[in-house]
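The values are calculated or read from the model by the stated rules, or taken from the named source; none is laboratory data. Since this is a predicted model, take the numbers as computed values, not measurements. FYI the Cβ positions are ideal-geometry reconstructions off the backbone, even for glycines, and counts take in every protein chain you see. The accessibility values were calculated without ligands, DNA or RNA, using every heavy atom of the protein model including side chains. Shrake-Rupley method; radii C 1.70, N 1.55, O 1.52, S 1.80 Å.
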Amino acid sequence: MHNQENSTGVEGRAARVRGWRSGLRLVACAAAALAIAAPAAAATVFGFTRDTSGATRVSEYDLSTGNLVFGASRLLDQNLSGDAAPIPFGQFGGGTFDPAGGYWAALAGQAGETIVGQFDTDTGNLVPGQAFRLDQNLSGNAAPIPLSDYGGGAFAPDGGYWAALAGQAGETIIGRFDTGTGNLVPGAAVRLDQNGAGSSAPIPLGDFAGFAFDATGNLWAALRGQAGETLISQFDTTTGNLVLGKAFRLDQNFSGGAAPIPLSDFGGFGFDPDGGFWAALRGQAGETILGQFDMQTGNLLPGASRRLDYNPSGDGAPVPFADFAGFAFAPSVATPGAVPEPGAWALMILGFGLAGATLRSRTGRRAAA
């Protein structure tokens with residue numbers, strides 16, 4: 001009898017273990033279904049263009065079609081309360097997003113200096129108190145950087161703001177700036193160099209066409225190749241040197257390097273929230289094309305090009321490349337307090353219900369035995 005009771009206890013414990021394992025598997029399946037049911041956030045891309053009035057406009061575009069998102073277009077304005085001081089297109093120096101989703105743009109100040117400010121994409125107005133003048137002086141605003149010497153700005157994943165500017169000899173300098181003062185951060189500036197081993201081939205600002213950070217913090221820059229083509233290269237932020245083996249030529253051909261994109265037809269680049277590399281270029285009719293490229297080959301990916309269009313409903317008003325001043329992806333920022341869709345909740349509850357039913361069934365069989 002004692003042996004029989006022990007045997008029954010062992011079998012019961014084994015059954016309970018099997019029941020829990022089965023239940024956990026069902027819960028895992030439900031969790032996987034929940035992850036699948038939750039829709040992935042689509043990449044949000046903004047383009048910067050010249051308005052018919054000559055002012056600067058920031059607009060959201062549908063990445064699947066290239067069309068303007070209805071109602072998502074605003075004039076950039078230096079006035080905090082309304083569209084009373086639109087920024088002329090000729091005084092605009094490009095825009096970028098910080099990791100938290102704030103939109104920042106560069107513009108010329110009253111004396112031609114570079115001002116970087118945060119703007120509300122819903123209204124186009126400057127955010128109060130969120131503007132600084134770029135300065136090459138570490139300790140004060142004694143050496144403002146003219147917009148003519150400014151080569152673009154971008155935020156690193158850690159939130160640091162970096163800007164490109166012309167050095168004393170016209171070379172390209174990349175430096176980190178304090179967003180509270182606008183001053184260059186001590187020791188955080190490098191001269192971009194095409195030589196992987198040392199600073200013997202500085203890149204003139206005239207051959208430089210913008211930079212961006214990928215999701216892991218690597219610095220990539222666009223520059224003119226020897227034949228005038230567009231090259232995308234990774235640079236070391238501690239030395240400024242080209243990272244060996246990390247460069248590719250942009251090409252409009254899907255299968256090979258037969259149609260390099262001239263730098264004169266290049267309109268900037270950026271990384272989407274998933275790490276995809278996108279670049280803007282001039283189309284055959286002078287329109288603006290946004291395409292995704294393979295970073296290993298530099299080739300345009302098949303089916304991954306869009307013509308930017310002012311018309312929300314169709315391709316009736318392409319954006320002229322001459323009126324285009326770059327683009328930027330808004331980061332995917334999680335919404336606090338976000339909850340799954342009802343269908344996702346149903347799948348998860350079903351998983352727990354099945355787990356409970358399995359355990360009750362096994363317990364009932366043991367009692368009957």
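Before moving on, here are some points about what is shown:
- Here the Kirkwood formula, the inverse mean of 1/r across different C-alpha pairs, assigns the stretch 52-170 a hydrodynamic radius of 15.2 Å.
- Overall, the anisotropy analysis places the stretch 156-315 in the prolate class: the square-rooted eigenvalues a ≥ b ≥ c of its C-alpha gyration tensor yield a/c not less than 1.5, with a/b exceeding b/c.
- Within the accessible area of the stretch 141-192 (1.4 Å probe), percent carbon and sulfur: 49
- Simple spin-label estimate for S148 and Q296 gives 4.6 nm between the two label positions (7 Å along the Cα-to-Cβ direction from each Cα).
- Look at the alpha carbon pairs under 8 Å that are at least 6 residues apart: their mean separation over the length of the stretch 91-186 gives a relative contact order of 24 percent.
- Accessible surface ranking for S305, S264, 1.4 angstrom probe, highest first: S264, S305.
- Order of exposure, largest accessible area first, which applies to T65, T96 with probe 1.4 Å: T65, T96
- Taking the C-alpha atoms of the stretch 146-201, convex hull volume expressed per residue in Å³: 106
- What the stretch 38-175 shows is 42 Å² of accessible area per residue, with the surface traced by a 1.4 Å probe over protein heavy atoms.
- Burial ranking of peptide ranges 101-107, 241-247 (average Cβ count within 10 Å, highest at the top): 101-107, 241-247
- Overall form of the stretch 246-292 per C-alpha gyration tensor (a/c, 1.5; a/b vs b/c): oblate
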